[in-house]
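A short write-up of the structure that comes next.
The values are calculated or read from the model by the stated rules, or taken from the named source; none is laboratory data. As the structure is a prediction and not an experimental result, all values here were calculated from the model. Neighbour counts are summed over all protein chains in view; Cβ atoms, including those assigned to glycine, are modelled from backbone coordinates with ideal geometry.
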Amino acid sequence: MAEITLKGLAHSYVKTPAGASDYAIRQMDHVWHQGGAYALLGPSGCGKSTLLNIISGLLEPSEGEVLFDGHRVNELAPEERNIAQVFQFPVIYDTMTVFDNLAFPLRNMNTPEYRVKPKVLEVADILDLTPLLKRKAKNLTADEKQKVSMGRGLVRDDVTAILFDEPLTVIDPQLKWKLRRKLKEIHERFNITMIYVTHDQLEASTFADKIAVMYDGQVVQFGTPRELFERPAHTFVGYFIGSPGMNFMAVEYRNDQVMFGTQPLPASEALKQAVAAANSANIKLGIRPEFISISTAATTDSVPVQVISVQDLGTYSLLTFKLNEHVFKARLPEGHPPLSEAAFANFDDSKVALYIDEYLVEAGHE
């Protein structure tokens, strides 16, 4: 088991990087605590796989240190770090049986054969592979092969951490949920540090206790799924987490009002003061669709909007509307009264977040 610390870590594929844009991983400090179940979440190209390969030893960082339990491992090869890595596509030997594939890592370490069989049987039972142990791997389905690949990482007792690089890419969508739950069960049983890379927020939330959201080579927020949803620390987190993501309005302070273009917005005194004091031209308010209420009558705290469409999704409806010629989303509860083209929006003041230069500013709330 290991606590993995990234200290001043940065990486560039350019020999002489001239600026931040030349870095795949921008300088970061981060700790993955021993025994935690973590997800590394972000879009393609944000640096997730690069970071995972640095942790595993497949790639040496340009700058900084990787520490396992306080010991620098930058120069250690992957096999010396006792890390198991599961990739997008199964890494198994097609000509071997499932049993021999699972046994291979143990035999490669000269583990006595009397210890190999019990361990293989234990892992096969966990992954529901027992009926397939005598079958050649080439005859397995894609999801069965990936389970074998996972099993090869679990079978070793000396593994300090298991890294998963989008392991369910090739898995049938109907089986993904089952395998995510299986990974969660494995973590609870073995208490191994696990880091799961994905671009899918549902996969991340199902598997992980804490999620590191990556954007443009940086971890912009590290927290529980609930924290990422309720208090996104960066506008990208608000946009990326949730379906649909957070609504954003570029605002400014003018005539003692918080203005969204030509539209004054209802705002608490604390929010007004924070916007007025902001030393930036990049000021945004963010609110999730779930915290916007829509009515047919105006109130003192409402703003007029133009209804574009209402999509019935069964237990709720998704409203698309325009405010000051910008398109936004609101989530309507089941049975919401019909709307005409003209309507009024109310924003839950306690759920409106203030972002300056893309980062959350807590001063926006009383």
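Quick notes on this structure:
- Odd one out for ASP301, checked against (1) within 29 Å of the chain's Cα centre (by Cα); (2) farther than 19 Å from PRO244 by Cβ; (3) of a type in the set (Asp, Glu): (1)
- Scope the range 194-220; condition out of contact with any Leu (no Cβ under 6 Å at 6 or more places or on another chain) and closer than 23 Å to VAL352 by Cβ; matching residues: GLN201, TYR215, VAL220
- Members of the range 276-295 that are aliphatic (A, V, I, L, M) and more than 26 Å from ALA343 (Cβ to Cβ): ALA276, ALA277, ALA278, ALA281, ILE283
- Only one of LEU41, LEU51, LEU76 that is buried (at least 18 other Cβ atoms within 10 Å of the Cβ) and more than 13 Å from ALA24 (Cβ to Cβ): LEU41
- The condition (being at pLDDT 90 or above, β-branched (Val, Ile, Thr) and assigned by TED's automatic domain parsing to the domain that holds SER56) is satisfied by just one residue among VAL91, VAL86, VAL123: VAL123.
- Test result for PRO304, modelled with pLDDT of 95 or more and more than 17 Å from GLU358 (Cα to Cα): yes
- Taking first residues from the range 280-304 that are in contact (Cβ under 8 Å) with a residue 40 or more places away in the chain and in the same structural domain as GLU269 (by TED's automatic domain parsing) and partners that are surrounded by 17 or more Cβ atoms within 10 Å (Cβ to Cβ) and charged (D, E, K, R), the Cβ contacts under 6 Å between residues at least 6 apart in sequence or on separate chains come to PRO289/LYS329; PRO289/ARG331; GLU290/ARG331.
- Looking across the range 21-52, just one residue is without any contact (Cβ under 8 Å) to a residue 12 or more places away in the chain and at positive phi, and that is GLY45.
- Boolean, ASP128 is touching an Asp or Glu at 6+ places or on another chain (Cβ under 7 Å), surrounded by fewer than 18 Cβ atoms within 10 Å (Cβ to Cβ), acidic (Asp, Glu) and in the same structural domain as ALA161 (by TED's automatic domain parsing): no
Table: residues versus (1) over 16 Å from GLY286 (Cα atoms); (2) acidic (Asp, Glu); (3) touching a Ser or Thr at 6+ places or on another chain (Cβ under 6 Å); (4) crowded, with 20+ Cβ neighbours inside 10 Å.
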site	(1), (2), (3), (4)
ARG181	yes, no, no, no
ASP200	yes, yes, no, no
ARG226	yes, no, no, no
PRO244	no, no, no, no
ALA250	no, no, no, no
GLY261	no, no, no, no
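- Here LEU202 passes the criteria (1) without any contact (Cβ under 8 Å) to a residue 60 or more places away in the chain; (2) outside the structural domain of GLY8 (by TED's automatic domain parsing); (3) of a type in the set (A, V, I, L, M) except the one numbered (2).
- Answer from PHE321, PHE328 - the residue that is part of a strand (DSSP E or B), of a type outside the set (Lys, Arg) and in contact (Cβ under 8 Å) with a residue 60 or more places away in the chain: PHE328
- Strands (runs of 3 or more DSSP E) fully within the range 9-70 counting 3 or more residues that are under 18 Å from the mean Cα position of the chain (by Cα): 25-32, 37-41
- Total residues in the range 105-125, condition among the hydrophobic types (A, V, I, L, M, F, W, C), surrounded by 13 or more Cβ atoms within 10 Å (Cβ to Cβ) and more than 32 Å from the chain's Cα centre (by Cα): 3
- Number of the exception - LEU67 against (1) over 22 Å from ARG181 (Cα atoms); (2) at pLDDT 95 or above; (3) loosely packed, with under 15 Cβ neighbours inside 10 Å; (4) not charged (D, E, K, R): (3)
- Test set (1) of a type outside the set (Ser, Thr, Tyr); (2) at positive phi; (3) surrounded by 11 or more Cβ atoms within 10 Å (Cβ to Cβ) - VAL327 fails condition number: (2)
- Number of positions in the range 173-232 that are within 13 Å of the chain's Cα centre (by Cα) and assigned to a helix (DSSP H, G or I): 12
- Residue in the range 248-281 that is farthest from PHE328 (Cα to Cα), counting only those that are touching a helix residue (DSSP H, G or I) at 6+ places or on another chain (Cβ under 9 Å) and of a type in the set (Asp, Glu): ASP256
- Within the range 246-261, residues that are among the small types (Gly, Ala, Ser) reach partners that are at pLDDT below 95 with beta carbons closer than 6 Å, at six or more positions or on different chains, in the pairs GLY261/ASN324.
- Residues of the range 243-260 satisfying the condition of being part of a loop (DSSP other than H, G, I, E, B) and within 33 Å of the chain's Cα centre (by Cα): SER243, PRO244, GLY245, MET246, VAL251
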